Amino acid sequence: MAFRNFKMIGYVVYGRGSFNQLDEILQPRRQQGRPMIFLVDHFFENRELISKIPLRGNDKIIFADVTHEPKTSYVDSLASSLKEEFGTISGVIGIGGGSTMDLAKAVSLMMNNPGSSADYQGWDLVKNPGVYKAGIPTLSGTGAEVSRTTVLTGPTKKLGMNSDFTPFDQIVLDPDLTKDAPANQRFYTGMDCYIHCIESLEGTYLNEFSKSYGEKALQLCQDIFVNAGEWTPDCDDKLMMASYAGGMSIAYSQVGVAHAVSYGLSYLLGTKHGIGNCIVMNHLEEYYPAGVKEFKYMVEKNGIDIPAGICKDLNEEDFDKMINVSLGMKPLWENALGKDWEKIMTREKLRELYGKL
Ligand code: NAD
Ligand code: ZN
């Protein structure tokens, strides 16, 4: 048996206010005449955070439009306009939620790899290391800050650029940056982390490495969404570490049923990752009984709306498309249901599940 030998992020700084160390952190990474590019979630346009970005020389801020989750065409256009304007750059710094972090990772890779990012959607297809890249999350939960993938929607598939060149060289975990997130968004992205934990801990791929991180992340999520009263700065601190640990847990295991089904929704309907996972999780009692019970409790306690009936007007062709995308996520199903998963999760069974959403 071969064990996975996975590439981790280079440097990590954690702490409230650590964003203020960014200038110092970037200094040794700057190359003569080549700018640092700050790719910043458009939510922060005209907000205070912008004045704290350590711009030097010909550095540039680009606001990332994350109205839709990242597309390969968007990555390609960002990379080609940077090549046109500067030739080469010192690095890309992604500041935002999971979408912006994925864009930053992908743009970094496309600065040094030919063709379109769509050519690299898959496993270990990226040939050259990207330019220096740093990730600074402003929402906690996806684990995109630690993962070796960047989820992109391309012309034919929704799949990441999974490679050893994908993880960030540096991450800056400053919980102060998440304080303005709206309660609903914070919950959906936070539940992405909770669901990572349940799927990892209940999966057949589990080992002690994943379990150690998964249990800690789960406990932090419970502290915040089950046991805490009002939202406090302490919750931001905890959720940021939960996201990190949840990401580390799935790095050595895999996600499961909620993610596999949610990918189908996202492909056909453009449903966003966090909310899509919540919509699915609401109906997974059969697979994760304790997790779903607790999930429903958290939804109610935190006064969150989970959309229902999003599949009610779809036709059989639409259902087929979602079923195909979902069943294509083989490792997720195998992790969730074991080697014989195809006998358990039949097309009919999955059709019935989609029908409930
Ligand atoms: P997001 O990045 O899509 O952002 C959601 C919304 O929140 C946006 O409108 C954004 O502008 C806003 N926002 C961001 N920070 C904010 C703040 N501090 N205050 C107020 N608003 C803020 O949301 P997400 O849930 O963090 O990320 C989802 C994305 O992450 C999806 O594209 C998904 O595919 C990807 N993802 C990637 C991985 C990975 O391993 N690479 C894992 C899971 C999810
Ligand atoms: Zn997820």
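The values are calculated or read from the model by the stated rules, or taken from the named source; none is laboratory data. This one's a predicted model, so the numbers in the text were calculated from it and none came from an experiment. FYI the Cβ positions are ideal-geometry reconstructions off the backbone, even for glycines, and counts take in every protein chain you see. Each accessible area value is taken on the protein alone, full model and side chains, heavy atoms only, with ligands, DNA and RNA left out. Shrake-Rupley method; radii C 1.70, N 1.55, O 1.52, S 1.80 Å.
Taken over segment 1-47, residues that are among the hydrophobic types (A, V, I, L, M, F, W, C) and part of a loop (DSSP other than H, G, I, E, B) amount to 6.
Screening G96 on (1) on the phi < 0 side of the Ramachandran plot; (2) under 13 Å from the mean Cα position of the chain (by Cα) shows it passes everything except condition (1).
Those helices (runs of 4 or more DSSP H) of segment 284-357 in which at least 3 residues are within 26 Å of the chain's Cα centre (by Cα) and free of Cβ contacts under 8 Å to residues at least 60 places away in the same chain, considering only elements entirely within it, cover 289-301, 316-327. Within segment 197-256, the only residue that satisfies the criterion of being open to solvent by less than 50 Å² (accessible area, probe 1.4 Å), under 19 Å from D176 (Cα atoms) and not in a helix (DSSP H, G or I) is A228. Scanning segment 48-103 for residues that are farther than 17 Å from V172 by Cα and charged (D, E, K, R) yields E48, R56, D59, K60, D65, E69, K71, D76, K83, E84, E85.
What number of residues in segment 231-271 are touching a residue at least 60 places away in the same chain (Cβ under 8 Å) and either within 14 Å of ligand 2 (Cβ to nearest atom) or not charged (D, E, K, R) (or both)?
If we filter segment 231-271 for residues that are touching a residue at least 60 places away in the same chain (Cβ under 8 Å), which is where we start, we get 233, 236-237, 239-244, 246-248, 250-261, 263-267, 270.
Narrowing further to those that are either within 14 Å of ligand 2 (Cβ to nearest atom) or not charged (D, E, K, R) (or both): 233, 239-244, 246-248, 250-261, 263-267, 270.
Number satisfying all stated conditions: 28.
Checking each residue in segment 87-103 for being out of contact with any Pro (no Cβ under 9 Å at 6 or more places or on another chain) and of a type in the set (A, V, I, L, M, F, W, C) picks out V92, I93.
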